[in-house]
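Nothing in this text is a laboratory measurement; each read-out follows from the coordinates by a stated rule. The structure displayed is predicted, hence computed values, not measured ones. Reconstructed Cβ throughout: ideal geometry from the backbone, glycine too, with neighbour counts over all protein chains shown.
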Amino acid sequence: MAITKSQWYIWRYIRPNSVSQMIKIRLLRTKDSMCWILRNGLIILLAATLCILSCPFPCIGQQEEKTYSISLQKTAGIKEEIRTIGDKKVLAEPHEVKEGEHLWQILREKGLLSKGNLATLLSVLKELNSSLSNLDLIHPGEKILIPLKIVPVKGIPSIKTPAAQVKTTIIELEGMKLENFTVQPGDSIIKVVMGKYNIPPARLYTEYLQLVRKLNPNIKDINRIYPGQKIRLPIYSPEVVRKPISKETARRPSLLEGNELPSPHLGELKNLFTAMGEEWTDTGEHFIPLRSGGQIDLKASSFPLINFSSGKRIILDPYDKLPERVCRLIEESWSNYSVVHLKKGEGLRKILHEIISRAGYPRVLGRGEALDLTGPVPVSVSGDWVVVRSEKPLNNGFNTIVLVLRGQEAGNNVSPALRGFLETMGIKVIVYPPAAPWTKEPTPKIDEIPVGKGAKNLVKAILRIQGYNFKENIEIPVMGNEKSDFNLVINTDIFLKTKDRDSVIDFTGLEKDIVSFLREHEFRVLELAGKTDPVSIVADTLSFLGVPFDKGLHSLSGTQGPGLPRIHIKLQGVVFADAEKNAVLATPIFLSPDLKQFLAQKGFRILPLVTS
């Protein structure tokens with residue numbers, strides 16, 4: 001602020017040495033200051049106004065950017081980071097791809113597909129992961145950034161330099177002739193304009209696009225347009241190279257040409273794939289972004305989607321109306337997508353074959369081919385299809401599906417008990433339509449023969465079920481009598497009569513000379529001392545008793561009837577008959593309750609082999 005000569009004189013030559021002098025000086029200054037304010041007030045007000053008008057955007061933008069940044073900072077965890085993508089702030093989380101994961105699965109598990117902003121989400125996702133040429137092909141161990149939260153930073157000027165204001169020399173805005181254009185998949189603004197109008201490039205970029213921007217203020221970036229958008233285009237000149245809009249509109253209904261009714265097998269497909277554990281979606285809309293730009297929207301009620309555990313996604317076309325060109329666009333943009341047309345008159349078997357062959361399963365076996373699974377209880381399964389959904393155990397669902405379509409021939413049914421056992425192994429059997437219930441008979445009681453620990457208890461159990469009387473730990477005279485001065489007495493573990501002869505079963509280990517002496521005196525001797533293999537002990541005991549038996553792997557059928565499916569399980573052990581001609585399976589394999597019930601249905605008694 002400038003001062004008057006009188007003020008300068010007072011402050012220069014009159015030193016205020018008291019309060020009264022100071023007051024007088026201030027009064028003098030106040031009078032001069034008021035004059036100055038009245039004279040210069042208008043100038044100050046105008047300058048301030050110009051200052052405010054000249055910089056509104058940076059001030060507001062910086063404030064809002066700060067606000068959004070604070071909001072994201074509160075949201076961000078330790079691993080998350082905040083990035084700027086265009087006019088957006090993005091809260092991104094690093095994610096390391098695990099075995100079996102695919103992009104859609106990751107986005108769905110993080111709850112991002114239900115937010116309704118899929119176009120923005122995928123656009124930001126590509127920006128964050130520009131090093132990956134194909135986001136749909138991710139591999140275990142790769143690290144990608146997932147946009148958890150996207151917020152627009154309002155008020156921040158666009159990064160792009162605004163185009164210079166030019167005069168409208170093509171046609172004046174007032175009274176301008178226009179046409180409306182609906183964006184189609186794969187369109188870009190340059191492609192549309194160059195296809196319609198013969199505009200020199202110089203005028204296209206300097207004048208025409210400026211008009212397009214003015215006529216379409218709702219489009220923030222004319223380089224990003226999406227199918228379905230309406231764009232107002234100024235007609236360039238009478239020498240227009242045009243595609244009449246009416247013809248485009250007239251051709252569009254051809255996209256809907258197809259069968260009047262959907263495939264009659266649609267409901268069956270839903271039931272089958274849902275039973276297989278695959279995800280079936282027939283509500284809402286599918287949003288499929290295209291690699292070339294734009295997207296395809298499909299109503300799920302008209303085009304159901306099957307999301308497979310392999311990561312493959314199959315769109316069903318039950319009306320057979322989706323054009324092949326559109327199908328190619330989808331499949332070329334996303335390698336995990338396929339479209340299957342359900343053609344009129346096609347049977348369920350042919351449709352299933354087409355879908356299963358495209359589902360990306362590790363292994364699929366055809367009709368009658370057997371899948372042999374190893375393990376404590378080997379299993380062999382065959383059907384119309386045997387689908388291996390995963391070579392590794394799945395956290396949810398079954399690894400293997402045995403699928404059978406019953407035609408005119410009667411399909412086999414599977415024992416309910418065996419179904420339960422197979423499901424514990426990760427195998428599910430689906431017969432469609434369902435076969436008649438398993439033959440209704442009273443559920444047989446499981447007959448498990450009690451056996452104590454050790455070889456001796458095992459042999460005693462065999463002797464009992466064979467109806468033998470025996471004695472334990474007795475002394476038998478082999479030579480001499482009460483009157484003789486020499487007697488030979490031997491302690492025996494088990495003494496019995498077999499084949500009308502005195503017999504001894506030894507577990508402790510008799511001397512070789514004693515064994516020879518016993519045999520010379522018509523005794524039968526079974527030496528089991530030191531033997532620990534229960535299967536061998538059973539076989540040796542049955543052989544000693546003269547009982548026929550079958551030792552090894554025993555294949556048992558789990559289905560009724562001659563057709564498919566065919567299911568066999570193999571159990572290690574010894575099969576023989578007891579004294580009442582009942583089948584007995586002596587096995588060292590641990591048997592689940594389902595397997596025990598299955599063996600009971602087959603008429604087996606169970607002799608568990610436990611030796612320790």
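A compact table of results
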{"read-out": "Residue order, fewest to most surrounding Cβ atoms within 10 angstrom, among Glu475, Glu448", "value": "Glu475, Glu448"}
{"read-out": "Using θ = phi - 60° and Karplus 6.51 cos²θ - 1.76 cosθ + 1.60, couplings along region 375-392 (whole Hz; Gly, Pro as x)", "value": "x, x, 10, x, 10, 10, 10, 8, x, 5, 9, 10, 9, 8, 6, 7, 7, 10"}
{"read-out": "Ascending count of other beta-carbon atoms within 10 Å, so fewest first, for Ser357, Ser188, Ser263", "value": "Ser357, Ser188, Ser263"}
{"read-out": "Burial ordering of Met425, Met276, fewest other beta-carbon atoms within 10 Å first", "value": "Met425, Met276"}
